[in-house]
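*Asks:* One structure, as structure tokens, below. Some questions next.
The values are calculated or read from the model by the stated rules, or taken from the named source; none is laboratory data. These numbers were taken from a predicted model, which means no experiment stands behind them. Please note: Cβ atoms are built from the backbone with ideal geometry, for glycine as well, and neighbour counts cover all protein chains shown. Calculation scope for accessible area: heavy atoms of the full protein, side chains included, ligands and nucleic acids excluded. Shrake-Rupley method; radii C 1.70, N 1.55, O 1.52, S 1.80 Å.
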Amino acid sequence: MASTILRRATSSVIKSSLLTEASRRSYASVAVGTDILSAASQVSLQKARSWDEGVTSNFSTTSVNDIFKGKKVVIFGLPVTYTGVCSQQHVPSYKKNIDKFKAKGIDSVICVAVNDPYVMNAWADKLQANDVIEFYGDFDGSFHQSLELGKDLSAALLGPRSERWSAYVVDGKVKALNVEGAPSDFKVSGAEVILEQI
């Protein structure tokens, strides 16, 4: 049923909040060759952590520059945590292939979603994946919006979220990019596909 709702949300997308924001600010459309360090230069993400860790760190954030500069990164984005495709297929595909990524010289495998870092932390714990994958929250959706990967899923009562996607990024430059046709699809954004593109 969730898949049906997400498909319906995709076909009858309500983009009012994203369009309003886009009209106020110029965003780059991500593609192979995009320099994320330029496209999202003013954006920071929030590393997954407990509330107490957030307080202790004075609610610190991590700049896109710190995440990508001088590194080989595989990053994948998903529309929402705690759902079937995200929990049962997307994250597990990366978790089970982590050694293959490391063998190819990947410095970081990152999962990002439009969510707060506390939910991301609890979800990573539940999936027992936080020791192998770095989880980041994009609490206001600014990272996804800066790359035009935002997706309004209000029809599924989820509000502004993101596409389901994956990318291979070297020193901030996108070398491979895969975006699913619908948020409920899992055809091109899994670990097996991006491993072949590295």
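*Asks:* Rounded, prolate or oblate for the range 57-106? Axes are the square roots of the Cα gyration tensor eigenvalues, ordered a ≥ b ≥ c, and the cut-off for rounded is a/c under 1.5.
*Replies:* On the way: a/c = 2.57, a/b = 1.16, b/c = 2.22.
Because a/c hits 1.5 or more and a/b fails to exceed b/c, the range 57-106 counts as oblate.
*Asks:* Next up: Excluding S63 itself, what net charge comes from residues whose Cβ is under 12 Å from its Cβ, given Lys and Arg +1 and Asp and Glu -1?
*Replies:* Summing Lys and Arg as +1 and Asp and Glu as -1 gives +1.
*Asks:* First select every other residue whose beta carbon is under 11 angstrom from the beta carbon of T81; then total the charges, Lys and Arg +1, Asp and Glu -1.
*Replies:* Neighbour charge sum, excluding T81 itself: +1.
*Asks:* Over the heavy atoms of W123, what accessible area does a 1.4 Å probe trace out, to the nearest 10 Å²?
*Replies:* Here the accessible area works out near 0 Å².
*Asks:* Now a separate question. If I take every Cα pair under 8 Å that is 6 or more residues apart in the range 42-165, average their sequence separation and divide by the length, what percent do I get for the relative contact order?
*Replies:* Normalised by residue count, the contact order of the range 42-165 is 32 percent.
*Asks:* Expected output is a single nm value to one decimal: the length gained when fully extending between V193 and Q128, i.e. 0.36 nm times separation in residues minus the C-alpha distance. What is it? Don't skip to the end; give the middle numbers.
*Replies:* On the way: separation 65, 0.36 × 65 = 23.40 nm, distance 2.25 nm.
Separation in residues times 0.36 nm, less the Cα-Cα distance, equals 21.1 nm.
*Asks:* Compute the FRET efficiency between S50 and S108 as 1/(1 + (r/R0)^6), taking r as their Cβ-Cβ distance and R0 = 22 Å, and round to the nearest 0.05.
*Replies:* 0.60
*Asks:* If I ignore ligands, DNA and RNA and count only protein heavy atoms, how much of K126 is accessible to a 1.4 Å probe, in Å² to the nearest 10?
*Replies:* We get 140 Å² for K126.
*Asks:* Quick one: which of 52-62, 106-116, 36-46 comes out on top by average Cβ neighbours within 10 Å, and what's the full order, highest first?
*Replies:* The most tightly packed comes first, giving 106-116, 36-46, 52-62.
*Asks:* Which pairs, out of K72/K100; K69/K187; K71/K175, put more than 18 Å between their alpha-carbon atoms?
*Replies:* K69/K187
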